[in-house]
Amino acid sequence: MKQQQGFTLVKVMLLGGMASVVVFASLKEGVVQERLSGNFQKDINARLVAEQGIREYRQRLEQSLINNPTSVAQLVAGVSTTGDGAINDSRFNISVTTSGNEFSVESLGQRYGEHANHRLVARFELQPAPKASIFQNAVTGCKGVNLSGSGAVDSYDSSKGTYEETKSNDGDVHTVVGDADVVLSGHSPIKGDVQASGIVYLKGSSPILGDVRSNTGVDISPSSSGIRVEGDVYSRGFFKHRGGKITGYVRAMGDAQMEWGAEILNQQGDAFDIQYAGSGQFKDTGLQLQDGVHYSDPRFRVQDLVVEPVKVYDPDSPDYDPAKPNKECDPLALPFNMNSIIDPNNQYTDLQVGARQILHFKPKQAVYERNGTHVYVAKEKAIYLFQGIDQNLGAATERTQLAFPFKSLKLGSDGQIKVSGGDVIWLVDGDMTLSGNTQIWIEKGSSLTVFTTGKVSIGASAKVVAEQEGLTESGLPVFSVYSSFDEPNGFVFSGASSLYAAIYSPLTTILLNGSGQFYGTVRGASITGSGGTGIHFDQALKNAGIGVQPPSGGKPKLIFKGWHYKPYEVEDQEASN
């Protein structure tokens, strides 16, 4: 009996021990499960904090857009990269990696310090505010335009074909400052609109194939009975019509005067051939009437008539900037900023290319060559005018513009210059002269941009040949000149060869008095055209990357491109420590 009791006791002890093992194993499993659950919760929380970091940082970037950044560096400058998570004892840290206008935002979410970490990477793209190209018209003479030659003014589109294939009537002529007149006394048509802040004088026999707008008055001289204006006439001042026909209608806020033989056709059938706010003098009772009613009848006089003004510089406008007093004429504020492009205390040397000499400019090599011999290394220079434009440097790795500086540049006799391999920039602190039977050859895909403080003269048989007209992939005109010269006749084209160029010279007179044809656009303080030079505006220049943001233009945008999670490695933890 005692043996049975002892055996029972052993059995009970064994069962109790087994039960204890089971209980302890269950307790351990519960602890493990609890820890796993806690770690999983911490990991989820870290992931949520990383997502919160991306969300909050994006909101901060959206706030930064109000400063109209043109680059990612400007967008992210000063934007806080840290923050507390919404969960207790959690934080996020942001790092940014840029590539052009695209950039990656990496958010490291942490819970309980290094105990829980998660990384989320989101990709964005900055789309800067669109700019309005400064090259919108064939001719912009800020303070006046005087065209007296036999060359026509018209347009074409090099992005769609040659001049002969795409020529059209978009050759607009403008003045934009004060009471600046447009005087047209030539014998070839102006195929585009004419707008003047002063008076429009139509003196020659050539018609205007577009609308006419003036803030001061329109004066059409006597001529044959042919078409004088193929469009409408708008004047905020007087209207004088002394002969010929206007195919549209007339609106004048001042006095209206029409001589014998002057006629308004009103081919679009407007309710009024003419309306004027001042007095009216109409001599031809046979032509100057509508539906049997003479233009002198009170129905044509509207005292509160309003004609939209030609935009001019207004010193009382909220956009006034004392540092940029010629805003309308010089929207780029080029002379104001020229010292940041060309050092006024430079030690540049003259460059002369003479008989049988050939120089080759290649931005990808950052040198120019004289007959195959290395001569000079270009200087790295960040040009403010090219903000938002990446200069094509070919195979070069430099991120800033490469510019070739000279004290003056003279290409004479039969010297030649070749430009290839990308976008070449010249800085000329003096005059640039092309004469004789010289040639600058710009290969397809390349461009030549000239900044100068001196006078530019292209004469005789000198040529600037662009293998492909228009814009490069960088958004630059294939040949352009930006001048801060402020004395008369700062740009003179008197050659016999044709020239393709975008000329921006807001403080000086531009003279076009040769026999060659000019393709592109001109903008100067005043424009004088004589001889046989025609001006053919390239509409492709309206898409040039160089420009200014219009006051009512669009805003920069932040575009979300995608996201992914990124493992948190041990070395990340060590780096954070």
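None of the figures in this text is laboratory data; all of them are computed from the coordinates on show. Keep in mind it's a predicted model, so treat the numbers as computed, not measured. So basically every Cβ, Gly included, is an ideal-geometry build from the backbone, and we count neighbours across all protein chains shown.
Structure above, values below:
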{"item": "Between the range 398-449 and the range 264-306, the Cα center-to-center distance that results, in Å", "result": "56"}
{"item": "The range 69-153, dipole about Cα centre (Lys/Arg Cβ +1, Asp/Glu Cβ -1), debye to the nearest 20", "result": "340"}
{"item": "Count of Lys pairs (Cα-Cα under 24 Å; at least 8 positions apart or interchain) in the range 141-234", "result": "5"}
{"item": "Cα gyration tensor shape for the range 201-285, rounded if a/c is under 1.5, else prolate or oblate", "result": "rounded"}
{"item": "Cα gyration tensor category, rounded, prolate or oblate, for the range 440-506 with a/c compared to 1.5", "result": "oblate"}
